[in-house]
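The values are calculated or read from the model by the stated rules, or taken from the named source; none is laboratory data. Note that this is a predicted model, so its numbers are computed, not measured. Backbone-built Cβ (ideal geometry, glycine too); neighbour counts: all protein chains shown. Side chains are part of the model used for accessible areas, which takes the heavy atoms of the whole protein and leaves out ligands, DNA and RNA. Shrake-Rupley method; radii C 1.70, N 1.55, O 1.52, S 1.80 Å.
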Amino acid sequence: LYILKHYPYKCRLKKKNKHGKTALMYAIRREVEKVALEILKYPNQCNLGHVSEYGCTALILTIVYEMENVALEILKYPNQCKLYNAGNLFGHTSLMWAICSKMEKVSLEILKYPDQCNLDNINENNETALIYAIDEEMEKVALEILKYPDKCKLNHVDDIGNTALILACNNYMNKAALEIFKYPDKCNLYHINKYGDTALTLAIGKDQA
């Protein structure tokens with residue numbers, strides 16, 4: 001902290017080591033929040049858009065290590081932090097990682113930039129961010145994603161044959177299901193999953209009259 005406070009422009013914050021990590025990434029990985037926040041006082045110096053050898057940005061690392069305050073600070077610079085990046089091990093975008101970690105504040109903050117957060121990305125489990133949010137029962141996040149029906153692949157089918165609508169009916173997420181119904185040409189009401197269920201049979205079976 002002493003070095004950062006007194007000599008911020010001399011400590012080469014943009015420098016990457018042989019593993020492709022910057023000082024900010026190390027501070028996050030070591031879960032040293034004070035140091036990470038101090039580095040972020042110099043956003044143009046700390047290479048927020050850098051992607052490590054494992055395909056992670058600093059933002060993704062903050063989410064993985066559940067450092068919400070640092071993630072929200074990074075998100076003050078959305079044009080620098082590569083929200084769209086999905087080149088990591090699981091094919092997750094920053095939004096998908098935030099959903100996976102149940103970080104609702106961070107997820108909603110990312111969704112303030114719908115053109116940058118790659119809503120139509122499909123991860124290695126064949127899931128979209130919308131399917132992921134519904135599967136994780138994060139209804140506020142799902143409803144925010146549904147404000148962009150042309151970007152979020154409403155009709156996408158996961159490996160079990162579920163659409164976002166089928167999952168919403170199965171998980172008692174009535175608000176999300178009703179929002180999806182506003183786009184009947186996009187949500188394939190007739191689709192049957194691998195268990196032989198449609199959205200209608202699940203809604204009836206779950207007493208969601």
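Data for the structure
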{"quantity": "Among 96-105, 36-45, 54-63, the order from most to least packed when residues are scored by Cβ within 10 Å on average", "calculated": "54-63, 96-105, 36-45"}
{"quantity": "Gyration tensor verdict on region 107-181 (Cα atoms; rounded if a/c is under 1.5, prolate if a/b is larger than b/c, oblate otherwise)", "calculated": "oblate"}
{"quantity": "Protection proxy ranking of 78-87, 128-137 - average other beta-carbon atoms within 10 Å, highest first", "calculated": "128-137, 78-87"}
{"quantity": "Residues of the chain: accessible area per residue with a 1.4 Å probe, Å²", "calculated": "52"}
{"quantity": "The chain, accessible surface, carbon-and-sulfur percent (1.4 angstrom probe)", "calculated": "50"}
{"quantity": "Kirkwood hydrodynamic radius of the chain, from inverse mean 1/r over distinct Cα pairs, in Å", "calculated": "18.1"}
{"quantity": "Gyration tensor verdict on region 52-104 (Cα atoms; rounded if a/c is under 1.5, prolate if a/b is larger than b/c, oblate otherwise)", "calculated": "oblate"}
{"quantity": "In sequence order, calculated HN-Hα J values of region 120-130 (Karplus, 6.51, -1.76, 1.60; Hz; x Gly/Pro)", "calculated": "8, 5, 10, 7, 6, 8, 6, 10, 8, 4, 5"}
{"quantity": "Whether region 22-85 is rounded, prolate or oblate, judged on the alpha carbon gyration tensor where a/c under 1.5 counts as rounded", "calculated": "rounded"}
{"quantity": "Relative packing of peptides 106-112, 160-166, 46-52 - highest average C-beta neighbours within 10 Å first", "calculated": "160-166, 106-112, 46-52"}
{"quantity": "Net charge contributed by nearby residues that have their C-beta within less than 13 Å of Leu75 (K/R +1, D/E -1)", "calculated": "+1"}
{"quantity": "Estimated distance in nm for a label pair at Asp185 and Leu108, the labels positioned 7 Å out from Cα along Cα-to-Cβ", "calculated": "3.2"}
{"quantity": "Charge dipole magnitude, Cβ of K and R +1, D and E -1 - the chain, Cα centre, debye nearest 20", "calculated": "1360"}
{"quantity": "Sum of -39500 (n - 2.57) over DSSP H runs of 4+, divided by residues of the chain (222 nm, nearest 500)", "calculated": "-9500 deg cm²/dmol"}
{"quantity": "Charge-dipole axis of the chain as Lys and Arg at +1 and Asp and Glu at -1 on Cβ define it, positive-most pick from Ile110, Ile192, Leu75", "calculated": "Leu75"}
